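Presented below is the structure to which this report refers.
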Amino acid sequence: MFGWGTSDFFANITSEKIGHEKAFFWSQIAGAFLIVLFMLFLSPSLPSLPLIGLTMLGGVAYALGYLLFYKGLEIGNVSVVSTVVNLGVLFMIFISFFLRGQKLTALQVPAIILILLGIIIISVNIEDLKKGTVSLLRGVKETLLATIMFGALYWPLNEFVVEKANLLTVSLITKLTAVAFVFLISLFQKRSLIIKKTSIRLTTLVALVGILEAIAVLAVAYGLTYGDGIIVAPVSSALTIVTVGLAVIFLKEKLTKIQITGIAMVIVGIIMTAF
């Protein structure tokens, strides 16, 4: 929760400065470097070829999810975007329940309804709604697509693999796949990933995005190794509390009363899903 909450806050800043693709690409290299340092001391084993294949598939979904999410952060309100991305936790809960046989508690059903209502309230442009039309706020469309990549593809695959293989090697393969995927996209689109105007502050921020995100991924992967995704995913998704708090304090983001209500509903819903 802490790792993702702070990482997303810094990702918003770096995405606005250098673009979402560069922010993701270089931050993932920083995160991969951290994992390599861990591996030097722990010497984990490699997973089997079928598991490597599933991990790489998850890595592509992971890359697409983050590219869409960082694009949402780049063009939208960080408080809104970081709340909407929690829709991914519902995909994780449904897959855990219907496909993996994990149980829903009495509180999780109303919590799911609360999260959905909160995200709808946050996502819709209220001014357009008053005029009789419906439109999404900037960055929400990209974030909704990101939630599908994360919740329906990446995390279910990750949970399955880390139960059978070492989480460090799985996380490293995921990141290397994501880096290679973004590099290939940049070649195909003939776009450079080189940051032309950099500084110590910007380099530090990009590194923090990757390192904090890597810590979050490893922590959740560790949790999935010993616990059920139906519990682990909601707890980690409480990152919204951290991100929104930082955005309001340091970026002075202004939220309407309706948006504050929606964010509060999502946060309460997430907390309820953990019980």
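Listed values, structure above:
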quantity	calculated
Sites matching trypsin sites (Lys or Arg not before Pro) across segment 209-275 that sit in DSSP coil, with at most 12 neighbouring C-beta atoms within 10 Å	252, 254
Summed residue charge, Cβ within 12 Å of residue 202's Cβ, Lys/Arg positive, Asp/Glu negative	+4
Cα-based equivalent ellipsoid, segment 173-250: semi-axes from gyration tensor eigenvalues, Å	29, 21, 11
Within-12-Å neighbourhood charge of residue 178 [Cβ basis; K, R +1; D, E -1]	-1
Anchor residue 252: lysines whose Cα lies under 20 Å away (excluding residues fewer than 8 positions away in-chain)	17
Sparsely packed trypsin sites (Lys or Arg not before Pro) within segment 1-108, loop by DSSP, other Cβ within 10 Å at most 11	103
FRET efficiency, residue 191 to residue 37 (Cβ-Cβ, R0 22 Å, nearest 0.05)	0.15
Residues in segment 18-59 that a label on residue 203 would reach, taking backbone N under 17 Å of a point 7 Å out along Cα→Cβ	18, 23, 26-31, 33-34
Accessible surface, segment 58-203, averaged per residue in Å² (probe 1.4 Å)	48
Segment 18-71 versus segment 232-275: alpha-carbon centroid distance in Å	26
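The values are calculated or read from the model by the stated rules, or taken from the named source; none is laboratory data. Remember, it's a predicted structure, so these values are computed and weren't measured experimentally. No Cβ is skipped: glycine too gets one built from the backbone with ideal geometry, and neighbour counts run over all protein chains shown. With ligands, DNA and RNA removed, areas are computed over all heavy atoms of the protein, side chains included. Shrake-Rupley method; radii C 1.70, N 1.55, O 1.52, S 1.80 Å.
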